[in-house]
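A.B. asks: Mind having a look at this structure? Questions to follow.
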Amino acid sequence: MSQIQPQPGIMEIKLYQGGQSHVEGVSDVVKLSSNENPFGPSDKAKEAFARSVHSLHRYPPTDHAALRAAIGEVHGVDPARVICGVGSDEIITFLCQAYAGTGDEVIHTEHGFSMYRISALAAGATPVEVPERERVVDVDAILAACTERTRLVFIANPANPTGTMIGGNEVARLADGLPPQAILVLDGAYAEFVEGYDGGAALVEARENVVMTRTFSKLYGLGGLRIGWGYGPQQVIDVLNRVRGPFNLSQTQLETAEAAVRDTAYAEKCRAENTRLRAWLSEALAEAGVPSDVSCANFILARFASQAEAESCDDWLKSKGIIVRRVAGYGLPNCLRITVGDEASCRRVAHAVREFKGQRT
């Protein structure tokens, strides 16, 4: 047996499976499996991307100052306490790398985003899964799971893949109840879809133990470029910048993201359309006999009577050229996560689900 072995915990990581993007033998496919913005990025972001081709031979700035300043202006946060990364995934990795190691524990909830567990294991820490209550983060369960070994607590708010959300008072209660050595990480990948929600920025301002992460992959339609950011106490951000690679974001990423975040009119248009179509789709599915929790994100978690029915519906949708996401890996085997697409896509998936349910009655 080879004596060359990876660090403890790494072989416990299952390879990540992204959302499917094609169906064998089916054309005109509608992809509703990865929570992408169906309208794509704004024209201003596209123009910035195109202009960046002229500087591909130059190294990007290491301080990300222009993008951090834009984020600060638009979101009302201190740019000095903003860190930018390759998607919010990289910020999550930095947090585990810097604050969790062998003998430490990282808490996540049972239906939480898989990168929390993956990043904890990669850092040598022990992931601790805490139950949710009816697919909603349970603050009391998290606090009960905390020990002197707890270093990080991850919650997504709104959550993926459930779409549910807890209120600001509950988040504050969680932050206040953590042991003194622990950091609360608020994953705000879907925060922009909630009207008037700051993603936890005010909580970060008021406390020394809260970090917020955000992404350009969802509302801003830049999933293909991989850009995210985090906001936290200055001392935490200073630590994370010590492990961040100096050129982790290209000039193309930086300039495109800056144009995207400054185009607030386009962001508002996308948010409004998502809100409208999400309500329509959830009602249409409910009328077809497929309930869902109230979603605060850009997807709906459709619930079926059993895993068999959920998988049969998924197969039926695939045969119609519609790709959604099975979420058994997130502990939700009787559910399918359906991205809110444009109006044509929403009507197409609702019609197909009605057909599926009709043939089973």
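The values are calculated or read from the model by the stated rules, or taken from the named source; none is laboratory data. These numbers were taken from a predicted model, which means no experiment stands behind them. Backbone-built Cβ (ideal geometry, glycine too); neighbour counts: all protein chains shown.
A.B. asks: If you take the residues in region 196-217 that are of a type in the set (Ser, Thr, Tyr) and either crowded, with 24+ Cβ neighbours inside 10 Å or not assigned by TED's automatic domain parsing to the domain that holds Ala80 (or both), which one is farthest from Ile91 (Cα to Cα)?
C.D. replies: Thr215
A.B. asks: Out of all the residues in region 44-77, which are among the charged types (D, E, K, R) and either within 18 Å of Glu192 (Cα to Cα) or not in a helix (DSSP H, G or I) (or both)?
C.D. replies: Hits for region 44-77 are Arg58, Asp63, Arg68, Glu73.
A.B. asks: Mind checking which residues of region 120-140 are touching a strand residue (DSSP E or B) at 6+ places or on another chain (Cβ under 8 Å) and of a type outside the set (A, V, I, L, M)?
C.D. replies: Thr126, Pro127, Glu129, Pro131, Glu132, Arg135, Asp138
A.B. asks: Filter region 74-88 for residues that are crowded, with 21+ Cβ neighbours inside 10 Å and under 20 Å from the mean Cα position of the chain (by Cα) and give the result.
C.D. replies: Residues satisfying the conditions are Val82, Ile83, Cys84, Gly85, Gly87, Ser88.
A.B. asks: Do you know which residues across region 136-151 are under 18 Å from the mean Cα position of the chain (by Cα) and surrounded by fewer than 20 Cβ atoms within 10 Å (Cβ to Cβ)?
C.D. replies: Val136
A.B. asks: Still on this structure, please answer the following. Given the conditions (1) buried (at least 21 other Cβ atoms within 10 Å of the Cβ); (2) in contact with a Pro (Cβ under 6 Å, 6 or more places away or on another chain); (3) β-branched (Val, Ile, Thr), and given that Ile107 satisfies all but one, which numbered condition is not satisfied?
C.D. replies: Evaluating Ile107 over (1) buried (at least 21 other Cβ atoms within 10 Å of the Cβ); (2) in contact with a Pro (Cβ under 6 Å, 6 or more places away or on another chain); (3) β-branched (Val, Ile, Thr) leaves (2) as the failure.
A.B. asks: Go through region 313-350 and count every residue that is part of a helix (DSSP H, G or I) and either assigned by TED's automatic domain parsing to the domain that holds Pro161 or surrounded by 15 or more Cβ atoms within 10 Å (Cβ to Cβ) (or both).
C.D. replies: Here the count works out to 12.
A.B. asks: Can you name every residue in region 193-202 that is out of contact with any helix residue (DSSP H, G or I) (no Cβ under 6 Å at 6 or more places or on another chain) and closer than 25 Å to Asp63 by Cα?
C.D. replies: Residues satisfying the conditions are Asp198, Gly200, Ala201, Ala202.
A.B. asks: Given (1) assigned to a loop (DSSP other than H, G, I, E, B); (2) of a type in the set (Asp, Glu); (3) closer than 21 Å to Glu105 by Cα, where does Asp198 come up short, assuming only one miss?
C.D. replies: (3)
A.B. asks: So in region 262-295, with the set limited to residues that are under 20 Å from the mean Cα position of the chain (by Cα) and polar (S, T, N, Q), which one is nearest to Glu195 (Cα to Cα)?
C.D. replies: Taking the candidates together, the pick is Thr275.
A.B. asks: Hey, which of the helices (runs of 4 or more DSSP H) in region 216-309, taking only ones fully inside, have at least 2 residues that are more than 29 Å from Ile183 (Cα to Cα)?
C.D. replies: By residue number, 251-262, 264-287.
A.B. asks: Quickly run through region 152-195 and pick out the residues that are charged (D, E, K, R), under 25 Å from Lys269 (Cβ atoms) and either crowded, with 20+ Cβ neighbours inside 10 Å or free of Cβ contacts under 8 Å to residues at least 60 places away in the same chain (or both).
C.D. replies: Within region 152-195, Asp187, Glu192 qualify.
A.B. asks: Same structure again: Checking Arg271 against (1) under 30 Å from Arg51 (Cβ atoms); (2) out of contact with any helix residue (DSSP H, G or I) (no Cβ under 7 Å at 6 or more places or on another chain), only one condition comes out false. Which one?
C.D. replies: Here Arg271 meets the rest and fails (2).
A.B. asks: Right, something else. Could you list, ordered by first residue, the pairs with Cβ atoms under 6 Å in which the first is in region 23-34 and assigned by TED's automatic domain parsing to the domain that holds Gly341 and under 21 Å from Gly221 (Cβ atoms) and the second is part of a loop (DSSP other than H, G, I, E, B) and modelled with pLDDT of 70 or more, at least 6 apart or interchain?
C.D. replies: That search, which allows pairs on different chains as well, returns Val29/Gly321; Leu32/Val324; Leu32/Gly341; Ser33/Val324.
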